Every structure is written in C-alpha cells, then in structure tokens.
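S.K.: I'd like to ask you about the structure that follows.
The values are calculated or read from the model by the stated rules, or taken from the named source; none is laboratory data. Every value quoted in this text rests on a predicted model; they were computed, and no experiment measured them. Glycine gets a Cβ as well: all are built from the backbone with ideal geometry, and neighbour counts include every protein chain shown. Heads up: the accessible areas ignore ligands, DNA and RNA and are worked out on the full protein's heavy atoms, side chains in. Shrake-Rupley method; radii C 1.70, N 1.55, O 1.52, S 1.80 Å.
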Amino acid sequence: MRWFRRRSSRPPQSATPTPAPAPADADTRRLPDPDLPVLDRHRAALLRAGAREAFAAAGVETTPDGAVLRGIEAVYGLDNVAAAAARLPEHEWPELLARHARTMIGALGPDPFAGLDDVPSHLFLRLLPTDALPAEGPRRHVVGDLVAVAAVDHPEHVRTLAAGPAVDELGGWDVVERLGLANLRTQRAEMTAELAFGVRLSTGGFFHASRVLVMEHLLAEDFRLETPRHGVLVAVPNRHLVVVHPVTEWDIVGALETMLRVTREEVTAVGTLSPHVYFWRDGAWEQVTRLGSDRVSVDATGMLGAALEELGPPPAPGDGA
C-alpha cells in the first residue's frame, strides 16, 4: 500500500517502468529501448544516467522516467538529445548532455522571486540525498547521505537552491536556514497511522519528510509525543512519509522489521530519500541500518546501544514482565 501523497496541483508522476522480462537467452541490453528506440537499452540507460548527472551539476534534481527526466521545476525531454547521442561516440556524451541541460534549464526563464523580501513564507529547508545534488553547494549534513538544502516553494513547482549564488542573494546560509526551519514548523501532516509494534507514521505534502529537521515539533504535532527520553527510530523513505518508533523497551526487533518493510515498499515512490532506518535523540542523529547484497544489518553500538543500556538489562527468556 502506498502511504505517500502528492500535491494535487501537480500532475501525477510515475516511477520508471520496468521492462517486461525477456527470454533468458536473449541479450536484452542490445534490444531497442522501448522509450528511446534510437538507442539500445544499455546505451539508453547510460544516457539517462548521464543526463541526470548533467542536470544535477546545473543544480536541478531529476528522476529518469522513460523518455524524460522529471524535475522539481519541469519535465525535460530526452528524445532529441538521444537522437544526437546515437550519432556520437559515448565519450562525447558528457559535453552534449551538459549543453542540453543548460539549454533546457535556461528555457524556464528567470525566478519570479527576486530576493528575500519576496520569499519569507515560501522558503524551506529540504531534505535530500547527496546523490541528488551537485558535489558542492550550500547545505547542512544531517545523517548518512542525507543533507538539508534551501528550496523555494512556488505555486506550481519547487526550486531547490543548490548553488551558492542563489543562497547568497537571499542573505546567506544562516539567514536561509533560520527562515527555512521556521517555515517547516508551519507544516502539518495530512494523515497519521499506527502500525504493529508501536510504529507510527505520518504523511503530508512536498516538505513533509523535511520536517524531521524540526523533529521535536514533528513528534509533538503529529504523534502527541514529547521528546522521548530514550530517542526514536526514524525512517524517511520518500519526501511524503515519516515513520517513527519511540524507544521504550529492549525488544525493538519487531519495530525495526516493520519500519524496514514500509521503507522497502515506499523508497521507490516519487521523491525517494533513503532506504535506511536512523536513530534520533536530543538533536543528534546516527544511521543504524546497513544494506548488504542480500541482508540488512543493524548497528546498535552507538547512540542506540547507549539508549538500550539505559533501559536496564533485557528481560530474561520467558519473563512475562
């Protein structure tokens, strides 16, 4: 079941379709791509990945979807650039894709918000994975590969301020961060639910998962929880969904399994953030899951381990207390 919701003013977005399985003895990589037929499937996959990197280098986060890249601000077609790429060796693709990204982004025109006076209620901090952003830019590391960046909420799109000059125009990072956090506190959940083993979730709009940046407010507003004494487990599989479990007893295995199941189901939704479960306590974060090729491991040696020790010794087997 999908828990996330999309802003109703935006057209629905779908994940990249999975091609139907081909016979086992077929080299599917050399079949024509169903969405970019001028390229085979292997080269089309390379083109989509390269185009995504080119747009990210220009400060625009996108998600490949068939013959387009779906960005925060617009949908960018790949048909024309695929036709050009088909005539070029692959080592020339980075320059081609960089030009394509600059051209497409430039076609959007100037930002209608000229400065900080125009955006006080539209500026937010946004949670994003680092691989959705250029290597350098104004941001605050949160935990694992998650960072906080500035974003402006326009009526029909969100502009992520991934480049330094855009943030400087609004007064610099300190000003933007303070205002962005204040605006996150104005957001509300659209729906909350309680699952097995005391796991709770809430869903909401575009910046819903970013509200973990003001965690104490989120816990109180969505779940009527004062700051839990021993911290909380947290998952943010996509931008519309927050999953939490307050640590109150040693037996958190069921809660972790529930959180990981929800995360697996939701991490492929629009606005992918992270497949991991994290631990938060008094403003400090740590990642507690590690993903292997066929298993998930849990690290309880850090802050989470310290919190569990504070609970006292685990109950003896068969203890019904």
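S.K.: Name every residue in the range 181-200 that is in a loop (DSSP other than H, G, I, E, B) and surrounded by fewer than 17 Cβ atoms within 10 Å (Cβ to Cβ), in order of residue number.
M.R.: Hits for the range 181-200 are Arg185, Thr186, Arg188, Glu190, Leu195.
S.K.: Okay, moving on. If you go through the range 266-287 one residue at a time, do you hit one that is on the phi > 0 side of the Ramachandran plot and surrounded by 13 or more Cβ atoms within 10 Å (Cβ to Cβ)?
M.R.: So far as the range 266-287 goes, yes, one or more of its residues are on the phi > 0 side of the Ramachandran plot and surrounded by 13 or more Cβ atoms within 10 Å (Cβ to Cβ).
S.K.: I'd like to verify a number: residues in the range 60-85 that are within 25 Å of the chain's Cα centre (by Cα), touching a residue at least 12 places away in the same chain (Cβ under 8 Å) and surrounded by 18 or more Cβ atoms within 10 Å (Cβ to Cβ), how many?
M.R.: Within the range 60-85, residues that are within 25 Å of the chain's Cα centre (by Cα), touching a residue at least 12 places away in the same chain (Cβ under 8 Å) and surrounded by 18 or more Cβ atoms within 10 Å (Cβ to Cβ) number 12.
S.K.: Give me the pairs: first residue in the range 301-321 and open to solvent by less than 90 Å² (accessible area, probe 1.4 Å) and of a type outside the set (Gly, Ala, Ser), second residue in a loop (DSSP other than H, G, I, E, B) and modelled with pLDDT of 90 or more, beta-carbon distance under 6 Å, and six or more apart or on different chains, which are they?
M.R.: Leu304/Val288
S.K.: Among (1) under 27 Å from Arg224 (Cβ atoms); (2) at pLDDT 90 or above; (3) not polar (S, T, N, Q), where does Glu177 come up short?
M.R.: Of the numbered conditions (1) under 27 Å from Arg224 (Cβ atoms); (2) at pLDDT 90 or above; (3) not polar (S, T, N, Q), the odd one out for Glu177 is (1).
S.K.: Here's another thing I want to ask about it. Just need a number here: residues in the range 204-224 that are of a type in the set (A, V, I, L, M) and part of a loop (DSSP other than H, G, I, E, B).
M.R.: Count: 0.
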